[in-house]
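Read-outs throughout are calculated quantities, based only on the coordinates presented, and are distinct from any laboratory measurement. This is a predicted model, so every value here is computed, not measured. Cβ placement follows ideal geometry from the backbone for every residue including glycine, while neighbour counts extend to all protein chains displayed.
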Amino acid sequence: MKQLAENVYSITGKGFFSVPVFVLEKQNGMLILIDTGLEKDSNIIIKKIRKKWGDLEKIERIVFTHRHYDHTAGLAPLIREMTTISAPESPQERVEIVCHEDEAPHFANALRGQVINPNRTVKHNEVIDKELKLIAIHVPGHSWGHICLLLEKEKLLFLGDTIMYMPFGLREVFEKYHDDFEQYQETLKTILDYEWDFAIPSHMTAKKIPRKKIEKFIEKVNKKKSKE
């Protein structure tokens with residue numbers, strides 16, 4: 001587990017394709033997860049949450065950047081573990097599962113037979129959590145309802161799969177994995193309309209990237225698009 005800010009943590013499984021799960025801690029000790037990672041990494045993620053925070057009942061909200069399997073498959077084992085906790089409601093009833101409204105119609109297919117669907121959809125610029133000032137920024141293209149998430153107080157931006165951090169530097173997700181690559185290239189610059197100091201990509205180890213590096217990368221993407 002890595003601490004990225006006072007109330008922000010990342011948990012990453014093992015393997016090249018593992019996706020970090022981000023944990024945001026509220027003042028009352030309740031937790032918000034951003035994505036749930038791969039199913040194969042769920043034991044690691046669950047154990048580390050329990051070690052740090054005691055139990056899974058503190059999870060009040062799970063926010064998905066998008067529907068792709070590597071970001072969502074850890075949901076089912078997490079829900080199964082939460083079902084064993086003695087509580088009057090089922091996990092689906094007491095935990096808010098959030099995605100963008102354009103992603104919701106495609107979500108069930110991405111879960112490969114799982115029947116757990118988001119119970120809250122959000123729009124562009126919607127505040128997901130008032131205390132933390134967590135804001136959804138719709139950046140479609142990689143998927144129809146892909147969102148980046150701005151943690152306004154900490155000036156941190158969670159990029160989802162808009163930008164990947166690789167050992168050799170920043171790069172786009174491979175074109176074949178996008179719903180609409182041209183739309184992605186066009187909308188990526190939306191994130192520059194917001195105030196943040198560091199951005200955190202998904203995949204590999206969670207790493208805070210300074211804004212200037214992200215700006216240079218987006219400039220590179222725009223130049224590449226203009227030449228096509």
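Tabulated results
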| quantity | calculated |
| --- | --- |
| Linear extension gain, Q183 paired with T83, 0.36 nm per residue minus alpha-carbon span | 32.1 nm |
| Nearest-ten-degree value, helix 211-227 long axis tilted from longest Cα axis of the chain | 50 |
| Tilt relative to the chain, helix 42-53 - C-alpha long axis, 0 to 90 degrees, to 10 | 70 |
| Scaled radius of gyration (Cα, divided by 2.2 N^0.38 Å) that the stretch 2-227 gives | 0.96 |
| Percentage, to the nearest whole number, of Cα pairs in the stretch 168-228 over 19 Å apart | 33 |
| Antiparallel bridge percentage (DSSP; both residues within the chain; nearest 5) | 65 |
| Listed peptides 126-134, 55-63 by packing density, highest first (mean Cβ within 10 Å) | 55-63, 126-134 |
| Fewest-first sequence of M1, M166, M82 by Cβ atoms within 10 Å of each Cβ | M166, M1, M82 |
